[in-house]
Amino acid sequence: MKIISTEKAPQAIGPYSQAILADRFLFASGQIPVNPETGELVEERIETQARQVMENIKSILAAAGYTFEDVVKVTCYLKDMKDFEGFNKVYGEYFTSHPARSCVAVRQIPKDVLCEVEITAYK
């Protein structure tokens, strides 16, 4: 196993890694809408937060030599399902290969953000 870490995505805020490469599988921790350059949350609009999450995932994938095309499973957490349409619009711009996905509403996400996304990729 190999730890994947990049400064182009937010640093872990606890005792975990941004991602782990295990053989040909990449398991990425959930990404929230933190701008890695400032360490701050982006504005509180689902589209803006979703876009930052996708850019963070893109950076982690790139650090491991993967792309969105290599993603096989996505788990999405939304603070409120009323944001599903706006989130899904942004999601569709990045995940064009249509990986398997779960999307659920949860009571609370770290830092009280609107969305969090974790991925599994295979190459």
Worksheet, complete the sentence: Restricting the stretch 77-94 to residues that are more than 13 Å from residue 46 (Cα to Cα) and of a type outside the set (Ser, Thr, Tyr), the one least open to solvent (accessible area, probe 1.4 Å) turns out to be 92
Response to the item:
How many residues of the stretch 10-62 are of a type in the set (A, V, I, L, M) and open to solvent by 80 Å² or more (accessible area, probe 1.4 Å)? The answer is 1
Practice prompt. Name every residue in the stretch 95-110 that is at pLDDT 95 or above, of a type outside the set (D, E, K, R), open to solvent by 40 Å² or more (accessible area, probe 1.4 Å) and outside any loop (DSSP other than H, G, I, E, B), in order of residue number.
Written response: 100, 102, 104, 105
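Do we find that residue 15 is in contact with a helix residue (DSSP H, G or I) (Cβ under 8 Å, 6 or more places away or on another chain) and assigned to a loop (DSSP other than H, G, I, E, B) in this structure?
no
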Response to the item:
Within the stretch 53-94, residues being on the phi < 0 side of the Ramachandran plot and not in a helix (DSSP H, G or I) number 13
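The values are calculated or read from the model by the stated rules, or taken from the named source; none is laboratory data. Worth saying up front: this structure is predicted, and the values here are computed from it rather than measured. Cβ atoms come from the backbone with ideal geometry, glycine included; neighbour counts cover every protein chain shown. Note: areas computed on protein heavy atoms with side chains; ligands, DNA, RNA excluded. Shrake-Rupley method; radii C 1.70, N 1.55, O 1.52, S 1.80 Å.
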